[in-house]
Each structure stands twice: as structure tokens, then as C-alpha cells.
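For reference, the structure discussed in these notes is given below.
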Amino acid sequence: MTKSEYIPGLEGVVAAQTNKSMVDGLAGKLVIGGFPLERIALNASFEEMVFLLWNDHLPTQKELSTFQQSLVELRELPEATMSLLEEISNSDLDMMDALRIGAGTLGTESPENDPDSWNARRLVAAFPTLVSAAWRFSQGEKPIAPNPKLGHAANYLYMIEGKIPSESRSRGLETYLNTVIDHGLNASTFTARVIVSTESDFISAIVGAVGALKGPLHGGAPGPALDMVFDIGSADKAEAYLRKKIEAGERLMGFGHRVYKVRDPRAEVLSEAARMLFENDGDTQLYDLVKSVEKQAVALLEEYKPGRNLYTNVEFYTALLLHGLDLSIPMFSPTFAVGRVAGWLAHCFEQRERGRLIRPKAEYDGEMDRQYIEIAKR
């Protein structure tokens, strides 16, 4: 028998075919549902993006209205879920743990005739409610009920802040959710597909995906990228600060990516979204500082590490945009999940249709032919 090649981490192995998104790291290109990211993320509503990934075409106005209403009807959480979130808020759990625990309760009401479709809509609709309720409980405040008159992104901000957000704030969050909705066969998406391939349910798949996203090697940490900018304080101090950091062997947060060898296309879109948000709010001082730090950092990384292709990644402008929306750092990863859950579910539908169990091999590297010794003689 021919021995299979062992590839650590499945690096470069094609484990699925998908029409959900395409990532070209060398060209710095991300295509979602057939659309280059920059053509759709700044313009579409989040509900349009979800419909696109689940149906392989953009909705008509009638289709969109029907789909939006189906999500609005599923935003409210069961009383048992609310009670659970309140109970665990006293235990200092990570927000991602609260989301994982809450998500696991959402399948209790799914109908028998079409559980996948109902659970998918339920998860997308309820993720913002879960995250905002868990956050408010953790702050000693009561959750705010969903507003049926608001779209998905605006309602999320409303449930966190208790006031209807401006159009620019809603658009900023909407662009962020659109930008992170899907990104190839990453670790959390692969986890969801593996679970669904066993013919398990979508709730279980998404709980598993949340668990994978919680890991810092996948979900990342956008917060430290902005902390670095705050430490620098002003553009004239950027070069000295960054040189010291690089020479000390420290990583510049928000730069370099495992896949992209040029500027992350998501950073491009989120930079534009941040610019519009800060301009509409009437204060571009922080945005201007971030642009200066980015320019200096990219130049210095090329100087100190030529050929490493360490460019701006999605974390850098994620931190700026979410900070501009007044979201606290513990909310960054859960907010990412509010967007990515729709992509996870798109892959779940696709995996369900293709119907093949994902079952790779493992190469044994342990001892052979050991002899059992009775416990009295050991």
C-alpha cells in the first residue's frame, strides 16, 4: 500500500469545493459569492449578503423583504436562554464562551419538517441578540429587546447602546459584517463543515465553529493593533516607536497574514469604511494617525524584513472601525461572529448538499509490539 503524504496542518490541501468565497493571497483578492469584495461590501445590506451566500444570487426587492422579515421574527431569545445568560454573567466568562453557550440553546424550537433552514435563520437573527444581551448582563444592565423596524446591523447597535444609531454608524457596522462574512476554508468554517458532514445539525456545527474562532491563532486579536496606535500617540513618534519594537523582536500587531502576501483586501475596504465613519462623526484625528502609523510600519517592515511581505491585515482596520462604533475590545470577536455565522451556515448548506463525510487519515508515530505487564509487576 502506498503511504500517504503527511502534511502538517493540512497546509495547501484542498478539502472542499465551494462557490461561497475565493481567497487569492498572492494577488490580494477576495471574491464573495462571485463579487470582488470591494464591489459589494460597501454597498450591500448584510441581509443581501446572507441571501447571496445562501441562494447564489442577489435578491429581488420582494425576496429581500420576505427574507428580512423572516429574520426579524426570529430575533427574540427564549426565556430560558436569557436566564442562562444572566446566570453565567456572574462567572467572568469570556464573551465568546457566553456566545457558545447561548448558541447551543437555540435549536430547541426548530420545526421537524425543515430544521436546517429554520435553524440557519434563527442563528443569524439571534446572534446579535445573544451577544448584546450577554454584554449588557456582564455590565450589570438589562438587555434591550430587538427593534423590528431596524435592519440587522442597526438593530445590533441599538440593542447594545439603547439608542437608534445614525445612518453612518449603521453603514460602518454593515460594511464590517459584509467584509468578514466568509473567507475560504478557514479553521472555524472547516469545523462547521466537518460537523455537518456527519449529518449532525446546524446548531451543533455553529457551536463548534464558535469554539474554533475563540482560539487566538484563528480569531486574532484586533484590540492590540489599536493599543499600539494609542501608545504612539502622534505621527511624529511613530518611526522611533516602531523601530524600537521591531529591533526588540516584537510583532507589529495588525501586519502580516498567513495567506495574504500583499495588503489584505479586507483592510482596504475597512479603511474606507472607517474613513467615512470618522468623517461623518466630524473627527478624523484618530483615523489620520492610524493611516500615518500604517504607512510607517509597512516601510519599516520592508526595511528590517525584506521579502517577508508583511502588509496590513484585517485586524488593523477592524480595531479602528469597531472602536469608532464604541464597541469595547471584549466585543470584537463576538461581533466578528455576528457576521461570520452567515458564512458558516452557507458552508453548512453546501456540505449538506454534497453529502460526504470528511474523514482524513492520521499517521501513527508511536511504538509497536508493546507487551502488557500485570499491574503487580510494574
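The values are calculated or read from the model by the stated rules, or taken from the named source; none is laboratory data. Since the structure is predicted, the reported quantities are computational estimates derived from the model, not experimental observations. Positions of Cβ are generated from backbone atoms using ideal geometry, with glycine treated the same way; all protein chains shown enter the neighbour counts.
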I'd like the full set of residues that are over 24 Å from the mean Cα position of the chain (by Cα) and not charged (D, E, K, R), limited to segment 85-114. 90, 91, 108, 110, 111, 113
Per the filter on segment 34-44, residues touching a residue at least 40 places away in the same chain (Cβ under 8 Å), assigned to a loop (DSSP other than H, G, I, E, B) and out of contact with any Phe, Trp or Tyr (no Cβ under 9 Å at 6 or more places or on another chain) are 42
Show me the helices (runs of 4 or more DSSP H) entirely contained within segment 260-328 in which 3 or more residues are touching a strand residue (DSSP E or B) at 6+ places or on another chain (Cβ under 7 Å). 265-281, 285-304
For segment 81-98, the count of residues that are among the small types (Gly, Ala, Ser) and at pLDDT 95 or above equals 2
Which one of the conditions (1) without any contact (Cβ under 8 Å) to a residue 12 or more places away in the chain; (2) within 14 Å of residue 206 (Cβ to Cβ); (3) not hydroxyl-bearing (Ser, Thr, Tyr) does residue 90 fail to meet, given that it meets all the rest? (2)
Count - residues of segment 141-164 that are without any contact (Cβ under 8 Å) to a residue 24 or more places away in the chain and not acidic (Asp, Glu): 10
Got at least one residue in segment 354-374 being part of a helix (DSSP H, G or I) and at pLDDT below 95? yes
I'm told residue 163 meets every condition in (1) buried (at least 20 other Cβ atoms within 10 Å of the Cβ); (2) farther than 29 Å from residue 218 by Cα except one. Can you identify the failing condition by its number? (1)
Checked 81, 129 against criteria (hydroxyl-bearing (Ser, Thr, Tyr), surrounded by 16 or more Cβ atoms within 10 Å (Cβ to Cβ) and within 22 Å of residue 54 (Cβ to Cβ)); the one match is 129
Within segment 317-328, identify whether any single residue is in contact with a helix residue (DSSP H, G or I) (Cβ under 9 Å, 6 or more places away or on another chain) and of a type in the set (Asp, Glu), and answer yes or no. yes
When only residues in segment 303-333 that are over 22 Å from the mean Cα position of the chain (by Cα) and not hydroxyl-bearing (Ser, Thr, Tyr) count, which is surrounded by the fewest Cβ atoms within 10 Å (Cβ to Cβ)? 307
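Okay, residues lined up against (1) over 22 Å from residue 97 (Cβ atoms); (2) over 11 Å from the mean Cα position of the chain (by Cα):
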{"position": "180", "(1), (2)": "no, no"}
{"position": "190", "(1), (2)": "no, yes"}
{"position": "196", "(1), (2)": "yes, yes"}
{"position": "232", "(1), (2)": "yes, yes"}
{"position": "235", "(1), (2)": "yes, yes"}
Within segment 9-56, residues being on the phi > 0 side of the Ramachandran plot and at pLDDT 95 or above number 3
Mind listing just one residue for me: the one in segment 58-87 that is charged (D, E, K, R) and in contact (Cβ under 8 Å) with a residue 60 or more places away in the chain and, of those, nearest to residue 121 (Cα to Cα)? 75
Go through (1) surrounded by fewer than 24 Cβ atoms within 10 Å (Cβ to Cβ); (2) closer than 27 Å to residue 297 by Cα; (3) in the same structural domain as residue 67 (by TED's automatic domain parsing) for residue 172 and report which single condition fails. (1)
With 192, 240 as the choices, which residue is modelled with pLDDT of 95 or more, surrounded by 19 or more Cβ atoms within 10 Å (Cβ to Cβ) and not in a loop (DSSP other than H, G, I, E, B)? 192
Single match in 261, 291 (criterion: without any contact (Cβ under 8 Å) to a residue 24 or more places away in the chain and either within 24 Å of residue 25 (Cβ to Cβ) or under 18 Å from the mean Cα position of the chain (by Cα) (or both)): 291
Residues of segment 270-286 satisfying the condition of being of a type outside the set (S, T, N, Q), surrounded by fewer than 23 Cβ atoms within 10 Å (Cβ to Cβ) and closer than 22 Å to residue 257 by Cβ: 272, 275
